[in-house]
Amino acid sequence: RFDSATGLREALAPWLRASRPSMVQIPAPVARATAAHELTTVVVPAPVARPEATKLYLAEAVHEQLLARLARAPRLRVRSRPDNADEVIAIDLEVGEALAVQITVPTGLPVAMQFPLSVDLVHSTADAIAMAIDAAIMHDKDRTHADATDMLLFARHIALRDTSRFREVIDLLKRAHAMSPKDPRIAANLAAVIVRTAFFLPNAVADIGARARQLAYDAVTAAPDLADAHLAVGHVELNGGNPILAATHFRYAIRCAPHLAEAHEQLGRMLLETGYLDDALARLEEAIALAPELSSARWEITRALALDGRWVEHDRLVADLLIYSTDRPLARARYAWWRGDWDTLASLRAQIRIDPTVWPGLIDHLFGAFLDDDGWNRNKAQIVMATRTEVPNRRRRVFTAQLAAEAAGFAGDVETAIELIAYAMEFGLFDAHWMERCVMLDSVRTSPDFGILHAQIRQRADAIHDALYGDHMALSETAVV
């Protein structure tokens, strides 16, 4: 209750002030328009009929469905004819007996496709054209990544066909990685080729092993279902002296991509060394069926045939490789001394030009050990010293020790051969097939120490086989029948 009108007015004053409009106007929020330069203009005119066209109505249905799909796509401006846009994606539909589609982008080559005209394919045809348009737009907007991917694919093409061009391959992949450093597939392939480079040129780059490891594990972390990433980790671990861990990653690579030739090849190569030849040959033959140009898989088979003394099959395969692939003279020299073919070995010695940065102080002395008078005694010190060279690639150490052990075994120096095999075991040797079949080790097998080493290597080889096949279901869908 108020005593007067004045009291009532004073009591209501705060409420009256609050009800008056503010002198400062706060604008209502508005949707922010997309800037014109963020839009891509796609011009999709109506289909054009050729004289022989009988199913224009189906092409018109595809056109209608395509426009509906593009209308729902973000950041697209769809037009039936060009406007004032500086750059457009032009879609041309031409109808004859089939529907011919051409996608023209401001940069790069046009994309041409052809589709059958059938009522039950109208929606799938519209889907395919829309996906192709999306890919063309992404390609046009991100030329850097497209160029990096082109380098990756070209590098893989070379690597499949000619392992001697590894310097060119690594250069391509380094450039691709610099252009697209977050692409896990590029990083994985670069890691794999760095590891291979470290085998041939162990001191070419400082911290080369650590660099490859970082790239491989970054790739598999970013893309855990990418087969290339698991292949890269497998290469890193195999060359780092961890064959069982490598085997699990090669196996997982096949699970990720059952039809990737390199995954089958790497698994097959490990199986060859463990002595499971039937499993190994099945995998290598699968790799060759998937990629007939994969000469490295065929060279691995020649090694297995040579170890088993199957020289007729070996000679036939090598003859084909020398015609259709690149030569591997060092491998052929090794097979020649296994075979006792001293004429071929002498011929290869005259032909081979060993890069001193690849096998410093080793290959020339190996030829001398097999071919020269008193060859082992005259070359032993240099050969053994070469095996002790400090290099980060442990698989290279294994390989050089195997070559040296063969020369020692040939000369009857059992003690040195045993020492070299034991040394190779320290760095991951698991080549049971070589231990059991190489004729150069015949004199060494009489030693009790050889039996001990062989048992250890057989145990290691069986563990690798179990890592590859212990979970039968993991590989059952890719098993070769």
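Around residue 231, what is the net charge, scoring Lys/Arg as +1 and Asp/Glu as -1 over all other residues with Cβ under 15 Å from its Cβ? For residues surrounding residue 231, the net value is +2.
Near residue 40, the amide H atoms lying under 5 Å from its own belong to 76, 77; only residues 5 or more places off or on other chains count, and H is placed 1.01 Å from N.
Less than 14 Å Cβ to Cβ from residue 292, Lys/Arg counted +1 and Asp/Glu -1: what total charge do the surrounding residues give? Mind dumping the intermediate values first?
Details: positive: 161, 298; negative: 262, 265, 285, 286, 293, 320.
That works out to -4.
In order along segment 429-440, the Karplus-derived 3J(HN,Hα) couplings, from 6.51 cos²θ - 1.76 cosθ + 1.60 at θ = phi - 60°, round to 4, 9, 7, 5, 4, 5, 4, 8, 10, 5, 5, 5 Hz, and Gly and Pro are given as x. Run the Debye formula on the Cα coordinates of segment 37-141, all scatterers equal and no solvent, and tell me log10 I(q)/I(0) at q = 0.12, 0.19 1/Å. These q points yield log10 I(q)/I(0) values of -0.37, -0.91. Scaling the Cα radius of gyration of segment 144-257 by the globular reference 2.2 N^0.38 Å produces a ratio of 0.97. Label positions at residue 153 and residue 68, each projected 7 Å from the Cα along the C-beta direction, are separated by 3.2 nm. The phi-based Karplus calculation (6.51 cos²θ - 1.76 cosθ + 1.60; θ = phi - 60°) puts the 3J(HN,Hα) values of segment 274-291 at 6, x, 8, 5, 4, 4, 5, 5, 4, 5, 5, 5, 5, 4, 5, 5, 6, 9 Hz, whole numbers, x for Gly and Pro. Evaluating 6.51 cos²θ - 1.76 cosθ + 1.60 at θ = phi - 60° for every residue in segment 189-194, the Karplus couplings come out as 5, 5, 4, 4, 6, 5 Hz, glycine and proline recorded as x. Treating each Cα of segment 312-474 as one equal point scatterer and applying the Debye formula with no solvent, the log10 of I(q)/I(0) at q = 0.08, 0.17 Å⁻¹ comes out as -0.26, -1.10.
Each value in this text was obtained by applying a stated rule to the coordinates, not by laboratory testing. Since this is a predicted model, take the numbers as computed values, not measurements. Using ideal geometry, Cβ is built from the backbone for each residue, glycine included, and neighbour counts are taken over all protein chains shown.
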